[in-house]
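Following: one structure in structure tokens, then a few remarks.
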Amino acid sequence: MDGTAAVHEADQILAGLPDRISDVIKPFARQSPDHPALVQGDVTWTYAELAARVADTVAILKLYEIRPGDRVMIISENSLALVALILAVSEIDAWSVVVNPRLSAREVDLIREHSGARRVLYTIEVSDAARRTRNVTTPRLPCSVGWERSASGRSTARPCQSRSRWIGRAGQRRSSIPRARRAIPRA
């Protein structure tokens, strides 16, 4: 295959992809709403439930003034909550920066600084490691998102209580990393 044919084939493949990752579940939610979409332990979300949780999470993220083009750092272990957050961030046309909560506070601070994330989300209700990371990273940003389970077993997203919704805005962050070490070039 020559270069021109490869470029043409790549263009055809790209043209068939959805505009955003959150669009991937929409046809399944319409055509097979009761079909299992995600399973974690004894919890199963159907496509309809996943779409509803993504919509709920979008509403919460908008409360935190997350807007198109923002980078949103998500500190979470693999979980249903992480999937809902990634899809909701995509639905807003923002970018997810997924970080393992087992990284050191210094590593998390460096990734946050380098990525330019406007908000940091911790899945503290589903991840002890995310809770521990939130407690040691600087600053302690208020944008924690929790998932609580009702008596019926349905998990719903909810914002956790915050000290101030303005902490963590671009230009107001403080870091424990010395200034000389924070000079990471941005792409």
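The values are calculated or read from the model by the stated rules, or taken from the named source; none is laboratory data. This structure is a prediction, so every number in the text was calculated from the model and none was measured. Counting neighbours? That spans all protein chains shown, and the Cβs are built from the backbone with ideal geometry, glycine included.
Results for (1) among the hydrophobic types (A, V, I, L, M, F, W, C); (2) touching a strand residue (DSSP E or B) at 6+ places or on another chain (Cβ under 8 Å), shown as yes or no for each residue.
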{"position": "43", "(1), (2)": "yes, yes"}
{"position": "48", "(1), (2)": "yes, no"}
{"position": "51", "(1), (2)": "yes, no"}
{"position": "55", "(1), (2)": "yes, no"}
{"position": "59", "(1), (2)": "yes, no"}
{"position": "62", "(1), (2)": "no, no"}
{"position": "70", "(1), (2)": "no, yes"}
{"position": "79", "(1), (2)": "no, yes"}
Going residue by residue through region 152-159, is there one that turns out to be surrounded by 15 or more Cβ atoms within 10 Å (Cβ to Cβ) and either modelled with pLDDT of 90 or more or touching a helix residue (DSSP H, G or I) at 6+ places or on another chain (Cβ under 6 Å) (or both)? yes
Taking the conditions exactly as written (touching a strand residue (DSSP E or B) at 6+ places or on another chain (Cβ under 7 Å), touching a residue at least 12 places away in the same chain (Cβ under 8 Å) and either farther than 30 Å from residue 135 by Cβ or assigned to a helix (DSSP H, G or I) (or both)), does residue 37 satisfy them or not? yes
Looking only at region 8-29, decide whether some residue is outside any helix (DSSP H, G or I), touching a Phe, Trp or Tyr at 6+ places or on another chain (Cβ under 9 Å) and surrounded by 11 or more Cβ atoms within 10 Å (Cβ to Cβ). yes
Looking at 29, 129, 51, 94, which one is out of contact with any helix residue (DSSP H, G or I) (no Cβ under 6 Å at 6 or more places or on another chain) and modelled with pLDDT of 90 or more? 94
